[in-house]
Amino acid sequence: MPRFHFRRITDAVHGTFGISELESDIISTRVFQRLHNVKQLGLAHLIYPDLNYSRFAHSLGACHVAGRMMRSINLNSPNNRRWDEDQIQLYRLAALLHDLGHYPSSHAMEHVVQDYYKDQAYLAPTSGHGHTNGKKSPDLQEEGRLPPAAFSHEALGRRIIDLDDEIGAVLEKHDISRDDLKSAFSREAPGSLATLVSSDLDCDRLDYLMRTARHAGLPYGSVDAEYIIGQTCVDSDGYVCLTDKALRAVDHLLVSRYFDYTQVVFHKTVVGLEQVLRNVIAELLQIGLIDCSGQEITRMIKEGQFAYFDDHYLIERLRSAIPRLGLGDEPLKLKIRSVLDRRPPKLVAASERIRGRERREREDHKNLVDQMRGKIREWACDFQVDESLWHLWDISLTMTKIGSHIPVSLAEEGGFEDETDQGVRILTSDSHDPQCKSRLLVEHEFALANQLSNSNLYAIRLYVHLEGNAERSRIEQRIRQDLRSPLRDRPSSPS
Amino acid sequence: MDSRHIVLKLFVEELGLQGEIDSFQNRKNLQKAVYLGQLSGIDLGYRYSWYLRGPYSTGLARDYYQLAEAIRLGDRGFESRSLNDPVKQKLCFIKKLLTVPRDCFLSTGDWMELLASWHYLRSVSRSDESEARNLMEKQKPTLAPHIPHAQRALLESRLLG
């Protein structure tokens, strides 16, 4: 039986595809099954009803795409840069496991947890930042090397591979070491192809965009994935890249990513509910009703409880918190119900614009954010809505970037940051030429990405929990009167 | 300013850096200093991969770009905070390691790159000494002759087994 057809998966995006025995064993472990209950897009399903696909489905899709990209590399590259079946298996596995450590509700929880526990563990307490849940912060001198105060999802995935017994048994059965596996998806070994799993054009992004477009019912992520996958190759320096025939398709992919952000991730109600959820998690951490410290998570993995650390865990924590809160906690109760019962806060002020990346533009944006933040207490008092029920959100999004955050200007300056090699690269000669080289897409003047790289999306929104629309109009009017900078219109969100 | 950015700012200052990222050299120094700082046991959660210039963390890069932008636009949220004493004590130990040995003629930035790269190859990539040395000679020919200094410093600090 061919190695990658041990079991067949029928998938909404990719149709029917095969997986290996090793992959079948991995997805049967409890920590991987957990991903069935971690939604890829947090609370977005409350706006787009079918956008409730899981990280389980996405991980399988990414594994399939990684395998196809490896096959294309073998077809498109000279003989000396081809990958054997064992190497293909390793990268498929890295793709399969790339989301293993995601928190419930994905990024909303991860960022709050990171901020809270880093403050607790590493900063001296101040009057406004006490260690209020009654727990002693870890004694670093006594305990030596501790887990991080809080895990990022990448670090957590690695820790699960290190500690989970079932994963360990599967790897042992298939004679794969934990270190080799971590090395493949963390790029620990020089010369690895980790950009296949983590870069601007990786199996993760391709599957995500296709799957989100399919489930949201929006066409923006309908990328020409088939063509892009088929044009994948490796240049003589070992960079994963695309033939020049795929330049337009990949330009389109980067624009699709921008529309995915603006139409799905930054949808006004999605953002409103996610802001409330972050706020609720922060407050529950503060009063000790949730514990996601590095030590606690490590304990959960070791004791086999991590498989239940999923979206249901978080919802149960929210539900069980309400009766435990006191009379003075009414605003927190209201916010918890806002998430559980889908009662989003009202949008009372918004500004959205696409402008250059110059310092003046960024300062304008920051000034408006500061003005709003500085006025919230006054507005809360005047309209008698508790200050904790106002949520300010802002974003300054680079429309084209290299890696997750490197400004394109760095590439133009020539002072390359190492991460710039995560950018999409286009071959400058035939892929079968043993000396073939590639350049970053953004360095090509005829690429749309080159032009977009000089622009940012600046957006600010203010939400408040309100019962009726009458108060909302008065608040909107007052905000417009009070702000020195005029608010700019923003387009309506779809649906 | 978010707490993780405040921690990062104070962490690198405690190691003797200003946290500036305006030049490639400064960014590289910051990357290597945080790598070495985390060897103290203060795990900020940044995970490193192997790139051309040695260990590099994309998560750290994301955070220092956000931190630099916040400071550039006037956010001084870090000024009222400080690291707690156990963290400071642990970083004091690493700060000594960052001092270039007298008989090693490298800049502080190159010394940090050498220390971080050698430690990474030996401990994280699990390369044996010969493999690690060959890679260093190929990718970092100006640093490779100073490997014995790095090996000695890391052994004396009990950071290599």
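The values are calculated or read from the model by the stated rules, or taken from the named source; none is laboratory data. In this text, all values refer to a predicted model and were calculated from it rather than measured experimentally. Every residue, glycine among them, receives a Cβ derived from its backbone with ideal geometry; neighbour counts consider all protein chains shown. All accessible areas refer to the heavy atoms of the entire protein, side chains included, with ligands and DNA or RNA removed. Shrake-Rupley method; radii C 1.70, N 1.55, O 1.52, S 1.80 Å.
Applying the selection to region B:29-48, what residues are over 16 Å from B:ILE94 (Cα atoms) and open to solvent by 20 Å² or more (accessible area, probe 1.4 Å)?
The one that is over 16 Å from B:ILE94 (Cα atoms) and open to solvent by 20 Å² or more (accessible area, probe 1.4 Å): B:ARG47.
Looking at region B:24-45 only, could you name the residues that are within 15 Å of B:LEU67 (Cα to Cα) and more than 7 Å from chain A (Cβ to nearest Cβ)?
Correct list: B:ASN26, B:LEU30, B:GLN31, B:VAL34.
Right, B:VAL87: more than 25 Å from B:LYS138 (Cα to Cα) and either at the interface with chain A (Cβ under 8 Å from one of its Cβ atoms) or in contact with a strand residue (DSSP E or B) (Cβ under 7 Å, 6 or more places away or on another chain) (or both) or not?
yes
Quick check on region B:71-90. Is at least one of its residues at pLDDT below 90, small (Gly, Ala, Ser) and either open to solvent by less than 40 Å² (accessible area, probe 1.4 Å) or touching a Pro at 6+ places or on another chain (Cβ under 6 Å) (or both)?
Taking every residue of region B:71-90 in turn, at least one turns out to be at pLDDT below 90, small (Gly, Ala, Ser) and either open to solvent by less than 40 Å² (accessible area, probe 1.4 Å) or touching a Pro at 6+ places or on another chain (Cβ under 6 Å) (or both).
What are the pairs with Cβ atoms under 6 angstrom where one residue, in region A:349-369, is touching a residue at least 24 places away in the same chain (Cβ under 8 Å) and open to solvent by less than 40 Å² (accessible area, probe 1.4 Å) and the other, located anywhere, is β-branched (Val, Ile, Thr) and not in a strand (DSSP E or B)? Sequence gap at least six, or different chains.
Partner pairs satisfying both residue conditions: A:ALA349/A:ILE479.
Quick one: how many residues across region A:22-47 are open to solvent by less than 10 Å² (accessible area, probe 1.4 Å), within 25 Å of A:VAL339 (Cα to Cα) and assigned to a loop (DSSP other than H, G, I, E, B)?
Qualifying residue count for the region: 2.
Out of A:ARG71, A:ARG92, which single residue is surrounded by fewer than 17 Cβ atoms within 10 Å (Cβ to Cβ) and not in a loop (DSSP other than H, G, I, E, B)?
Residue meeting the stated conditions: A:ARG71.
Could you list, in sequence order, the residues of region B:56-69 that are open to solvent by less than 10 Å² (accessible area, probe 1.4 Å), within 15 Å of A:ALA155 (Cβ to Cβ) and touching a His at 6+ places or on another chain (Cβ under 8 Å)?
B:ASP63 - this is the single residue of region B:56-69 that is open to solvent by less than 10 Å² (accessible area, probe 1.4 Å), within 15 Å of A:ALA155 (Cβ to Cβ) and touching a His at 6+ places or on another chain (Cβ under 8 Å).
State whether the residues of region B:66-79 include one that is facing chain A (nearest Cβ under 8 Å), farther than 13 Å from B:PHE11 by Cβ, small (Gly, Ala, Ser) and within 16 Å of the chain's Cα centre (by Cα).
No, every residue in region B:66-79 fails to be facing chain A (nearest Cβ under 8 Å), farther than 13 Å from B:PHE11 by Cβ, small (Gly, Ala, Ser) and within 16 Å of the chain's Cα centre (by Cα).
Within region A:113-126, count every residue that is of a type in the set (Val, Ile, Thr) and open to solvent by 20 Å² or more (accessible area, probe 1.4 Å).
Residues in region A:113-126 being of a type in the set (Val, Ile, Thr) and open to solvent by 20 Å² or more (accessible area, probe 1.4 Å): 1 in total.
Mind listing just one residue for me: the one in region A:207-234 that is buried (at least 20 other Cβ atoms within 10 Å of the Cβ) and not in a helix (DSSP H, G or I) and, of those, nearest to the chain's Cα centre (by Cα)?
Step by step, filter region A:207-234, then rank; the result is A:GLY221.
So which residues in region B:54-109 are of a type in the set (A, V, I, L, M) and assigned to a helix (DSSP H, G or I)?
Once the filter is applied, which keeps residues that are of a type in the set (A, V, I, L, M) and assigned to a helix (DSSP H, G or I), region B:54-109 yields B:LEU60, B:ALA61, B:LEU67, B:ALA68, B:ALA70, B:ILE71, B:VAL87, B:LEU91, B:ILE94, B:LEU97.
Considering only residues that are open to solvent by 80 Å² or more (accessible area, probe 1.4 Å) and among the β-branched types (Val, Ile, Thr), look in region B:95-154 and name the one that is farthest from the other protein chains (Cβ to nearest Cβ).
B:THR99
Could you pull out the residue among A:ILE161, A:ILE176 that is modelled with pLDDT of 90 or more, in contact with a helix residue (DSSP H, G or I) (Cβ under 8 Å, 6 or more places away or on another chain) and more than 12 Å from every other protein chain (Cβ to nearest Cβ)?
A:ILE161
Could you say which residue among A:ASP204, A:ASP237 is under 16 Å from the mean Cα position of the chain (by Cα) and within 27 Å of B:ARG47 (Cβ to Cβ)?
Exactly one of A:ASP204, A:ASP237 is under 16 Å from the mean Cα position of the chain (by Cα) and within 27 Å of B:ARG47 (Cβ to Cβ), namely A:ASP204.
Check region A:271-282 and report whether any residue there is over 13 Å from A:TYR103 (Cα atoms), exposed (fewer than 15 other Cβ atoms within 10 Å of the Cβ) and not basic (Lys, Arg).
no
Of all residues in region B:3-23, how many are hydrophobic (A, V, I, L, M, F, W, C) and either more than 8 Å from chain A (Cβ to nearest Cβ) or not in a helix (DSSP H, G or I) (or both)?
The number of residues fulfilling the criteria is 5.
For residues that are open to solvent by less than 30 Å² (accessible area, probe 1.4 Å) and outside any helix (DSSP H, G or I), scanning just region A:305-325, find the one that is modelled with the lowest pLDDT.
A:LEU325
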